[in-house]
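Let me begin by presenting the structure, written as structure tokens, before commenting on it.
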Amino acid sequence: MVDTHAHIFSDEFNEDIGEVIHNAFAEKVEYIIMPAIESKTFEKMYNLAIQYPNLFCTIGIHPHNSNEFSQHIISQIEEYAIRPKVKAIGEIGLDYYYDFSPKEIQKKVFIQQIELAKKFDLPIIVHNREADNDIFEILKEQQDGLLKGVLHCFSSDIKMMEKVIELGFNVSFTGNITFKKADALREVVKQAPIDRIMLETDSPYMSPIPFRGKRNEPKYLKYIAEKISEIKSINLEEVIQMTTKTAKVFFRLSIFVLFVGLLFAFTNLYAQQDYEDTTNIQPKHEYINKVLGIGFVLGTNTVVDTYKPSDQDVSHDGLFTYGGNIIYHPLSWTFIQASYLHFEDKKPAIDAPGILDPIKSNLYEAAIGFIANPYSRVNFFALTGISYTNKTSSKYNFLTNKKTILIDNKYGMLFGLGFFANIPISGAGLFVLNAEWRLNFVTGSTKLDYDPRYNYTDPTNYNKPSEFTSFFSIPRFGIIWYPPLF
């Protein structure tokens, strides 16, 4: 399990924090996320996080403390936001129950911190108390397709839950769902999709029954999971499995979970509940973060081989190329891509029928790309990386009077420019049209059983080593699919 919201850096835990963390892990709490609320505790919270590998934090200013927000605090948030232990901007939002900060100041500070989250490609942890309309309007306005967040300690009605989930956000529940007078909230839990729910204790507050009135701790997280299991009439293990997976992906706690998540892709497609659209907001899954995608590629390849020492170029163009790729986005502005392409060069066989066969090539590429405008519908990017080319062919050898299979393996460097056009489809995920021009440079040497540039009746020319440089130019097009589980 993941406790996605626990203030265990607060003074209430000063005397026994080590024991509290130990007890939480003993109760199968795998990770704990500590949300900041005011600048004076930033350092204390972060110092605690770095003492434990499974302890992480978020950075931000609670709406109660909006009056203290300043350029200095913005600089502090920016400083902490790039640290590996910081997983989100929060706890931020609006609180109209207490009058600690004027509403207009709260809204201004909320928006400023959302902009910081976008700047550093971090999700947001949203506090909402009696401010449903303003919270939703701000989130709707700020949702540009890549913003993700969670409404923590969710206590609004079903309509609000439906709207924020359709907008691309998650909800998290705490001990308040166990309270005797929480029937309306339990109905919200019942209607909420299990794959959009996260667990939290909000320690030291919101202790679940039977510990209400006592200090709350992460070790009590299992009582919230058990209550959700009871309300939704599903197996407890399923609640733990799904909420843990959602939390790990949300906070990017594990790269492995991204691949495991593919196993749930198709079940999640059908697990989404259909809601009546009573607002003008975008359809469900309109906003989907790019994390892990798969796709296919088509292109035409031009290959130019320059042989040494003759400096003679042999060019073959219009080679039909096809393959596939996997693309992973650790951040919104960068991606890692692995590709496989296949193409065949039939020109040698045409020029020398019966002597040369088509050259079959397998091209493997690993690249890292950088996106210039990650928050737009059309993203322009540049990339670079390495390649590995495996060529096979067979050539007739006049000395042996038989054909010889030749295998030629070479490494190279690649460079490319292109764009992604993002097309979200309701209920199906995100489809991305990809077009790019990629160059590939391969150097090396090989021995040729037969070299078409020379008189093949002269045996002195057989098996001569040839230094060469291969230049690939592959305009390529493709479609990438990002499942709607992220």
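What number of residues within region 84-106 are within 17 Å of THR41 (Cβ to Cβ) and either of a type outside the set (Lys, Arg) or in a strand (DSSP E or B) (or both)? Walk me through how you get there before you give the answer.
Applying the first criterion (within 17 Å of THR41 (Cβ to Cβ)) to region 84-106 yields 85-92, 100.
Pick out the ones that are also either of a type outside the set (Lys, Arg) or in a strand (DSSP E or B) (or both) and you get 86-92, 100.
The number of residues fulfilling the criteria is 8.
Identify, by number, the condition in (1) modelled with pLDDT under 80; (2) part of a loop (DSSP other than H, G, I, E, B) that LEU262 doesn't meet.
LEU262 satisfies all of (1) modelled with pLDDT under 80; (2) part of a loop (DSSP other than H, G, I, E, B) except (2).
For region 85-113, give me each residue that is under 19 Å from the mean Cα position of the chain (by Cα) and either within 18 Å of PHE169 (Cβ to Cβ) or not charged (D, E, K, R) (or both). Walk me through it before giving the result.
Going residue by residue through region 85-113, those that are under 19 Å from the mean Cα position of the chain (by Cα) are 85-89.
The answer is VAL86, LYS87, ALA88, ILE89.
Is it true that some residue in region 144-163 is of a type outside the set (Lys, Arg), in contact with a Cys (Cβ under 6 Å, 6 or more places away or on another chain) and part of a loop (DSSP other than H, G, I, E, B)?
First pass over region 144-163, keeping only residues of a type outside the set (Lys, Arg): 144-147, 149-158, 160-162.
Filter once more, so that each one left must be in contact with a Cys (Cβ under 6 Å, 6 or more places away or on another chain): none.
Within region 144-163 (the criterion being of a type outside the set (Lys, Arg), in contact with a Cys (Cβ under 6 Å, 6 or more places away or on another chain) and part of a loop (DSSP other than H, G, I, E, B)), the answer is no, since none of the residues qualifies.
Does THR389 fit the bill of being among the hydroxyl-bearing types (Ser, Thr, Tyr), under 20 Å from ASP317 (Cβ atoms) and either at pLDDT 65 or above or part of a loop (DSSP other than H, G, I, E, B) (or both)? Spell out how you get there, then give the answer.
Details: among the hydroxyl-bearing types (Ser, Thr, Tyr): yes; under 20 Å from ASP317 (Cβ atoms): yes; either at pLDDT 65 or above or part of a loop (DSSP other than H, G, I, E, B) (or both): yes.
So THR389 fits the description; yes.
With the requirement that a residue be in contact with a helix residue (DSSP H, G or I) (Cβ under 6 Å, 6 or more places away or on another chain), part of a helix (DSSP H, G or I) and farther than 18 Å from HIS64 by Cβ, what does region 1-40 give you?
PHE13, VAL20, ASN23, ALA24, listed by residue number.
Here's a check for you: in region 150-160, which residue that is in contact (Cβ under 8 Å) with a residue 60 or more places away in the chain and in contact with a strand residue (DSSP E or B) (Cβ under 9 Å, 6 or more places away or on another chain) is surrounded by the fewest Cβ atoms within 10 Å (Cβ to Cβ)? So that I can check it myself, show each step before the final result.
Of all residues in region 150-160, those in contact (Cβ under 8 Å) with a residue 60 or more places away in the chain come to 150, 152-153, 159.
Imposing the further condition that a residue be in contact with a strand residue (DSSP E or B) (Cβ under 9 Å, 6 or more places away or on another chain) reduces the set to 150, 152-153.
Numbers: VAL150: 27, HIS152: 26, CYS153: 23.
My answer is CYS153.
If you check ILE125 against the conditions, is it surrounded by fewer than 22 Cβ atoms within 10 Å (Cβ to Cβ), in the same structural domain as GLU43 (by TED's automatic domain parsing) and within 18 Å of ILE197 (Cα to Cα)?
no
Identify, by number, the condition in (1) assigned to a helix (DSSP H, G or I); (2) without any contact (Cβ under 8 Å) to a residue 12 or more places away in the chain; (3) not charged (D, E, K, R) that ILE74 doesn't meet.
Result: ILE74 fails condition (2) only.
Could you look through region 185-203, keep only residues that are out of contact with any Ser or Thr (no Cβ under 7 Å at 6 or more places or on another chain) and assigned to a loop (DSSP other than H, G, I, E, B), and pick out the one that is surrounded by the most Cβ atoms within 10 Å (Cβ to Cβ)?
ALA192
I'd like to verify a number: residues in region 170-181 that are buried (at least 24 other Cβ atoms within 10 Å of the Cβ) and touching a strand residue (DSSP E or B) at 6+ places or on another chain (Cβ under 9 Å), how many?
So the answer is 4.
Could you check, for region 59-71, whether at least one of its residues is in a strand (DSSP E or B), at pLDDT 95 or above and under 29 Å from the mean Cα position of the chain (by Cα)?
Initially, region 59-71 is screened for residues in a strand (DSSP E or B), giving 59.
Retained after the next criterion (residues that are at pLDDT 95 or above): 59.
Applying the additional criterion that residues be under 29 Å from the mean Cα position of the chain (by Cα) yields 59.
Within region 59-71, one or more residues are in a strand (DSSP E or B), at pLDDT 95 or above and under 29 Å from the mean Cα position of the chain (by Cα).
So for region 208-220 (the condition being β-branched (Val, Ile, Thr) and modelled with pLDDT of 95 or more), does at least one residue qualify? Walk me through how you get there before you give the answer.
Initially, region 208-220 is screened for residues β-branched (Val, Ile, Thr), giving 209.
Applying the additional criterion that residues be modelled with pLDDT of 95 or more yields none.
No.
Do we find that PHE110 is assigned by TED's automatic domain parsing to the domain that holds TYR220, modelled with pLDDT of 95 or more and farther than 30 Å from GLU237 by Cβ in this structure? Break it down into steps so the answer makes sense when it comes.
On the way: assigned by TED's automatic domain parsing to the domain that holds TYR220: yes; modelled with pLDDT of 95 or more: yes; farther than 30 Å from GLU237 by Cβ: yes.
It is true that PHE110 is assigned by TED's automatic domain parsing to the domain that holds TYR220, modelled with pLDDT of 95 or more and farther than 30 Å from GLU237 by Cβ.
One residue is enough: does region 165-184 have a residue meeting the conditions assigned to a loop (DSSP other than H, G, I, E, B), under 24 Å from ASN422 (Cβ atoms), in contact (Cβ under 8 Å) with a residue 60 or more places away in the chain and not acidic (Asp, Glu)? Even if it seems obvious, please write down each step before you answer.
Just the residues of region 165-184 that are assigned to a loop (DSSP other than H, G, I, E, B), to begin with: 167-169, 174, 179-182.
Applying the additional criterion that residues be under 24 Å from ASN422 (Cβ atoms) yields 167-169.
Cutting the leftovers down to in contact (Cβ under 8 Å) with a residue 60 or more places away in the chain gives us 167-168.
Going one step further and asking which of them are not acidic (Asp, Glu), we end up with 167-168.
So far as region 165-184 goes, yes, one or more of its residues are assigned to a loop (DSSP other than H, G, I, E, B), under 24 Å from ASN422 (Cβ atoms), in contact (Cβ under 8 Å) with a residue 60 or more places away in the chain and not acidic (Asp, Glu).
Considering only residues that are assigned to a helix (DSSP H, G or I) and in contact with a Lys or Arg (Cβ under 9 Å, 6 or more places away or on another chain), which ones fall in region 45-58? Quick ask: steps written out before the conclusion?
Narrowing region 45-58 to residues assigned to a helix (DSSP H, G or I): 45-49.
Selection gives TYR46, ALA49.
The values are calculated or read from the model by the stated rules, or taken from the named source; none is laboratory data. Remember, it's a predicted structure, so these values are computed and weren't measured experimentally. Positions of Cβ are backbone-derived with ideal geometry, glycine not excepted, and every protein chain shown enters the neighbour counts.
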